[in-house]
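Readers should treat all values here as calculations from the given coordinates under stated rules, not as data from a laboratory. Please read all numbers here as calculations on a predicted model, not as lab measurements. Counting neighbours? That spans all protein chains shown, and the Cβs are built from the backbone with ideal geometry, glycine included.
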Amino acid sequence: MTVLNTQRLRLEPCTDVHFEGLYALNSDPEVMRYITGKPDTPEDTKSMIDRVKARWADTGYSWWSFIDKENGQIIGAGCIQHLGRDAANPLEIGWRLRKDRWHQGFASEAAQCMASFAFETLKTKLLVAVCDPANTGSSRVMERLGMSYRGRERWYDMDTAVYQMNDRDWLARQV
C-alpha cells in the first residue's frame, strides 16, 4: 500500500487504526452534506474502511487518510478509485476535509499529490472528479488542479457536476 507525502500531509491508506479520525470526519453533518447528505454511523465508517482495505489489496489504490504532519491528526480523506466503483469507468479523484481545515489549501495540496499518483504511477489517461453542483468549494479545488468542467451527469444516485483532466493536460501543467 502506497503512502504519499506533501509538504504538510502524509497520505496513508485507510486502515482500522484510522477509525476514530475517520469517524470524526465522516460523522460531521457539514462535511457529509454534499457527499451522502447524512452523517455516518460508526458502522458506516467501519464498513467503508473494510471496503477500502479490500480495494487496496485488489487494485493497489483506494482511499487515503490525510494526516497532518505537524500533530499526527487525521484532517481528511481522499481517493483514487474507479468512477461509480466500476473498473470499466475512468479513475476518479475525491476528497473531504474536517471543517476546521477548510480554506487552508489542504484539499488542493492532497489533490495535487493524488493526481500525480494517478497520472505518474498508475499511468491513467483520464482522471475525473464529481461533486454536488452546489459544492463550490470542491469545484474550485478541481479547477485549481487543472480540471475542466465536463457537464452534469448522474453518479452515486445524484446529479453531479463532472470535471476531467487528461494525461497530456497534466503533463503540460507540470512543466
Check: List the aspartates and glutamates whose alpha-carbon lies under 15 Å from that of K53, not counting same-chain residues fewer than 8 positions away?
Finding: E12, D16, D44
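Among DSSP bridges having both ends in the chain, what percentage is antiparallel? Round to the nearest 5. All intermediate terms of the calculation are to be shown ahead of the outcome.
Numbers: 32 of 34 bridges.
If I count the DSSP bridges inside the chain, around 95 percent turn out antiparallel.
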Item checked: Long-range amide H partners of E92 with built H, under 5 Å -> Q81, H82, L83, V128
Next item on the list: Kindly identify the chain as rounded, prolate or oblate by the Cα gyration tensor criterion: order the square roots of the eigenvalues as a ≥ b ≥ c, call it rounded if a/c is under 1.5, otherwise compare a/b with b/c, prolate if a/b is larger, else oblate.
Entry: rounded
Item checked: Contact order relative to length of the chain, as percent, for alpha carbon pairs under 8 angstrom and 6 or more apart -> 18
Next item on the list: Report, in debye and to the nearest 20, how large the dipole of the chain comes out about its Cα centre when Lys and Arg carry +1 and Asp and Glu carry -1 on their Cβ.
Entry: 440
Checklist line | Order of C14, C131, C79 - criterion: other Cβ atoms within 10 Å of each residue's Cβ, fewest first | finding: C79, C131, C14
